[in-house]
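In what follows, a single structure is set out as structure tokens and then discussed.
The values are calculated or read from the model by the stated rules, or taken from the named source; none is laboratory data. The shown structure was predicted, so the numbers you read here are calculated from the model rather than taken from an experiment. With ideal geometry, Cβ positions are generated from the backbone for all residues, glycine too; neighbour counts draw on all protein chains shown.
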Amino acid sequence: MSCSIDLKDICLSLDGRELFTNIWLNVSHKEKVAIVGANGCGKTTLLEMLAGLKSKNSGIFELFHTKIEEKKDYKPLRELVGYLFQDSNDQFLSPIVKDDIAFSLLARGMDKEEAQKRVDMILEDFDIVHLKEKIVYNLSGGEKKLIALAGVLVCEPKLMLLDEPTNALDKQMQKKLSVILKKIDKSIIVVSHHKEFVEDFADTIYEVQDKKLVRIT
């Protein structure tokens with residue numbers, strides 16, 4: 001089976017503090033994986049490493065069968081990976097919803113008419129067409145999260161990395177997000193402290209325990 005991510009003996013630190021020691025993780029093609037653990041245990045830092053934003057201390061990191069030793073190794077693969085920030089406000093690049101979702105498509109050279117078709121399709125898939133002309137910063141926390149996720153998914157990445165996607169979401173919106181994630185036919189890694197949420201959609205769940213990743217389902 002094709003592999004999206006393969007970690008072997010990875011050690012990772014932040015500001016001199018060791019977060020993970022000799023961890024192993026394999027994510028298969030289109031597998032949905034969740035990593036749970038208490039706040040401050042290093043989940044976000046691990047996700048940032050997988051997104052090419054931070055470097056490992058040691059070990060082997062392979063992304064789509066390509067070994068990543070330095071940040072430059074990640075560059076040819078960057079468009080294959082979609083990253084959802086924990087704070088949705090960090091995701092937005094344009095003030096109007098339709099323009100923000102289209103931003104990355106246009107930046108990659110897509111024709112404006114084709115980009116708008118893609119935007120309309122994803123707004124319909126997410127059932128948020130009514131937000132199309134809204135200002136993103138005036139939306140609720142849950143609406144912002146859906147717009148941010150739409151902006152990631154519209155680029156059709158092969159791998160999606162989602163950092164605490166349930167932050168600022170009420171129970172109803174969490175359920176809606178879970179339904180959306182179930183439908184997405186991509187490799188997905190979600191880090192969360194919300195175990196009940198990830199149990200609803202993840203194929204495999206790992207928990208951070210004593211600087212290790214321990215598979216619990």
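State the number of residues belonging to the range 9-40 that are over 22 Å from residue 182 (Cα atoms), of a type in the set (A, V, I, L, M, F, W, C) and either out of contact with any strand residue (DSSP E or B) (no Cβ under 9 Å at 6 or more places or on another chain) or crowded, with 20+ Cβ neighbours inside 10 Å (or both).
6
Filter the range 118-148 for residues that are within 24 Å of residue 77 (Cβ to Cβ) and hydrophobic (A, V, I, L, M, F, W, C); which is farthest from the chain's Cα centre (by Cα)?
Only one residue fits best here, namely 122.
Name the single residue that is modelled with the highest pLDDT among those in the range 124-145 being in a helix (DSSP H, G or I), over 16 Å from residue 95 (Cβ atoms) and of a type in the set (Asp, Glu).
In this case the residue turns out to be 124.
Could you look through the range 57-67, keep only residues that are within 19 Å of the chain's Cα centre (by Cα) and surrounded by fewer than 19 Cβ atoms within 10 Å (Cβ to Cβ), and pick out the one that is nearest to residue 140 (Cα to Cα)?
For the range 57-67, the residue satisfying everything is 64.
Within the range 81-95, can you find the residues that are part of a strand (DSSP E or B) and touching a helix residue (DSSP H, G or I) at 6+ places or on another chain (Cβ under 6 Å)?
82, 84, listed by residue number.
Looking at 132, 145, which one is closer than 30 Å to residue 3 by Cβ and in contact with a helix residue (DSSP H, G or I) (Cβ under 8 Å, 6 or more places away or on another chain)?
145
Consider residue 188 carefully, then state whether it is modelled with pLDDT of 95 or more, crowded, with 18+ Cβ neighbours inside 10 Å and within 18 Å of residue 38 (Cβ to Cβ).
For residue 188, the condition - modelled with pLDDT of 95 or more, crowded, with 18+ Cβ neighbours inside 10 Å and within 18 Å of residue 38 (Cβ to Cβ) - is not met.
Looking at (1) under 24 Å from residue 62 (Cβ atoms); (2) without any contact (Cβ under 8 Å) to a residue 60 or more places away in the chain; (3) touching a helix residue (DSSP H, G or I) at 6+ places or on another chain (Cβ under 6 Å), which one does residue 191 not meet, given that it meets all the others?
Just one mismatch for residue 191, condition (2).
Tell me, which residue of the range 96-117 that is over 23 Å from residue 190 (Cα atoms) and in contact with a helix residue (DSSP H, G or I) (Cβ under 6 Å, 6 or more places away or on another chain) is surrounded by the fewest Cβ atoms within 10 Å (Cβ to Cβ)?
Here the residue is 106.
Which pairs turn up if I take residues in the range 22-41 that are farther than 14 Å from residue 210 by Cα and polar (S, T, N, Q) and look for partners that are surrounded by 14 or more Cβ atoms within 10 Å (Cβ to Cβ) and at pLDDT below 95 with beta carbon separation below 8 Å, at least 6 apart in sequence or on another chain?
As it stands, the answer is 26/3; 28/3; 28/4, since those pairs meet every condition given.
Does the range 149-166 contain any residue that is farther than 15 Å from residue 30 by Cβ, hydrophobic (A, V, I, L, M, F, W, C), part of a strand (DSSP E or B) and more than 12 Å from the chain's Cα centre (by Cα)?
no
Output the number of the condition that residue 74 fails; it satisfies all remaining conditions of (1) surrounded by 14 or more Cβ atoms within 10 Å (Cβ to Cβ); (2) touching a helix residue (DSSP H, G or I) at 6+ places or on another chain (Cβ under 7 Å); (3) among the hydroxyl-bearing types (Ser, Thr, Tyr).
(2)
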